[in-house]
Amino acid sequence: MPKKIISLLFCFLLAFQISNVVSAAQPALKISVDGQVLSLSQSPIVLNGTTMVPIAPIFKKLGLSLELTGTSLKGSKKGIVIRMNVGSKVASVNGVSVILNEPVKIINNNTMVPLRFISDSIGAAVSSANGTILISNNNSKTMYDINLPILVSGNYVRNLTNTDFLQLVVVDFFYNPSTKTVSQYDFFSSVIGFERSSTKSYNNFNVAKTEHNGEIYIGSAIKSLIDYDNNIQGNTNYSKIKAHYNTNSYLEKVRALIKSEKDASNASLKKELQANNNKPLKVTGVEITYNSIDVPEVNLTIKNLTTKTIVAYEMKVSCYDDFDRPVYRYFSSSNLFLGISQGNSLASGESQTDTWTLNLYDLATQVKNVTITAVKFSDGTSWKL
């Protein structure tokens, strides 16, 4: 037998032996809740220092109801609503954003969630001894307790009283990557006219994705309820939530998530750019409309496939009527229309729609051969066909 093959077999046998030793040295973890050891079809798994546990038996034993809708998970207990999504590191408890060390995963057909996040959400204590995870469901107070007569689930809030509140004050927190500072705004999400027993959506922001003037959304906090007589009921945990969004540990996770989102976006754009024959602008929509005096207009929707900002571009289209006959410009033998869009600030991955009036092409009902011929970037560089 050749020496190379003997060497490979030896490495395989060694790896098999090491695997058996590790497996023998690390027996399956058990979970005990308030002194009762749970029967689990899937044992807890430690991933990168995070203990992942099967959601169904844990939630049931901790008194949390469980709702599964596609990849969305919701756990509810009196005064607590936990929301997570499979594959996402962003979760929330009573509307407070939390960035997980490990996302929810499906392992051996079991939905696995980070134990520490669940225990912290409901105020349970966690310890370990002799290969058993010990959970004490003592319902301690946490910063997620709203202390107001409302129920918050994700970005929805419900008025649990029989009183009409004039305003629910919600503060949104944004991170500035340039200055590495956190800003707060109390006018984006606040709810005016919060009627009794009603449910309102207070924003549709996404952590590490939604941007405002160069700042990136990192979470929200319920601050207070104000009635018609200007009586204010404050959330006694607001200062704790504010501090949470400003901690170095949270901001480190924010920065990592922003980088991850940017890297994924750039990778996706790169694929789109290659599929678009490396042309920086992709035409995603073309529509003919008519202005107030029935002159045809061409509406062009384009997407920036580069990592740069686009400030201007030129395009050309050919004009036709309903019979696919060329519509020539008056006093001309050409059906070609040339257009330019200037003064833009089209960032990477963004789309916009521009409209040109087809003056002197009055019979045009359609355009063909839509082509981007030149692009100018904010750094002074340009691209030409």
- Shape of segment 216-329 from its Cα gyration tensor (a ≥ b ≥ c, root eigenvalues): rounded if a/c is under 1.5, otherwise prolate when a/b > b/c, or oblate? oblate
- Item | Average accessible area per residue (Å²) across segment 284-385 - probe 1.4 Å, nucleic acids and ligands excluded | 56 Å²
- Item | Label-point separation in nm, residue 239 to residue 212, each point 7 Å along Cα→Cβ | 2.4 nm
- Applying the gyration tensor rule to the Cα atoms of segment 129-221 (axes a ≥ b ≥ c; rounded if a/c under 1.5, else prolate if a/b exceeds b/c, else oblate), the class is oblate
- Quote the FRET efficiency, to the nearest 0.05, computed for residue 203 versus residue 137 with a Förster distance R0 of 30 Å and r equal to the Cβ-Cβ distance. 0.40
- Task: Could you calculate the contour length gain from residue 351 to residue 333, that is, 0.36 nm times the residue separation minus the distance between their Cα atoms, to one decimal place in nm?
- Result: 3.1 nm
- Query: In whole percent, how big is the carbon plus sulfur part of the accessible area of the chain, probe 1.4 Å, protein atoms only?
  - Reply: 51 percent
- Message: If the elastic network links every pair of Cα atoms under 10 Å, which of 114, 54, 280 fluctuates the most in the Gaussian network model of the chain?
- Response: 280
- Task: In nm, give the distance between the simple-model label positions of residue 161 and residue 68, each being 7 Å from the Cα along the Cα-to-Cβ direction.
- Result: 3.9 nm
- Shape call for segment 81-158, from the Cα gyration tensor axes a ≥ b ≥ c (a/c under 1.5 means rounded, otherwise prolate when a/b beats b/c, else oblate), comes out oblate
- For the chain, the helices passing both cut-offs (Cα extent along own axis of 15 Å or more, Kyte-Doolittle mean at least 0.0, full DSSP H runs) are 3-25
- Along the Cα-to-C-beta direction of residue 384, a point sits 7 Å from the Cα; which residues of segment 303-320 have their amide N less than 15 Å from that point? 313-315
- Quote the FRET efficiency, to the nearest 0.05, computed for residue 371 versus residue 342 with a Förster distance R0 of 25 Å and r equal to the Cβ-Cβ distance. 0.90
- Task: Please work out the C-alpha center-to-center distance from segment 25-104 to segment 147-204 and express it in whole Å.
- Result: 26 Å
- Item | Estimated FRET transfer efficiency (residue 259, residue 290; beta-carbon r; R0 51 Å; 0.05) | 0.65
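Counting only DSSP beta bridges with both residues in segment 292-384, tell me the antiparallel percent, nearest 5.
The antiparallel proportion sits near 100 percent.
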- Message: With N set to the number of residues, divide the alpha-carbon radius of gyration of the chain by 2.2 N^0.38 Å and report two decimals.
- Response: 1.36
- Message: Can you work out the Karplus-derived ³J(HN,Hα) for every residue in segment 293-300? Use 6.51 cos²θ - 1.76 cosθ + 1.60 with θ = phi - 60°, whole Hz, and x for glycine or proline.
- Response: 10, 6, 8, x, 10, 9, 10, 10
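Kindly report the accessible area of segment 146-239 per residue (heavy atoms of protein chains, probe 1.4 Å, no ligands, DNA or RNA), in Å².
That works out to 49 Å² for each residue.
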- Any idea of residue 258's accessible area? Nearest 10 Å², probe 1.4 Å. 30 Å²
- Query: When only Cα pairs under 8 Å and 6 or more residues apart are kept, what is the percent relative contact order across the chain?
  - Reply: 10 percent
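When the chain is fully extended, how far beyond the present Cα-Cα distance does residue 105 get from residue 39, taking 0.36 nm per residue of separation? The partial results should precede the final answer.
Details: separation 66, 0.36 × 66 = 23.76 nm, distance 2.02 nm.
Gain on stretching residue 105 to residue 39: 21.7 nm.
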- Query: What residues have an amide H closer than 5 Å to that of residue 223, excluding those fewer than 5 places away on the same chain, when H is modeled at 1.01 Å from N in the peptide plane?
  - Reply: 169, 170, 171
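The values are calculated or read from the model by the stated rules, or taken from the named source; none is laboratory data. Worth saying up front: this structure is predicted, and the values here are computed from it rather than measured. Quick reminder, even Gly has a Cβ in these numbers, built from the backbone with ideal geometry, and neighbours come from all protein chains shown. Keep in mind that these areas ignore ligands, DNA and RNA; they rest on the heavy atoms of the full protein, side chains included. Shrake-Rupley method; radii C 1.70, N 1.55, O 1.52, S 1.80 Å.
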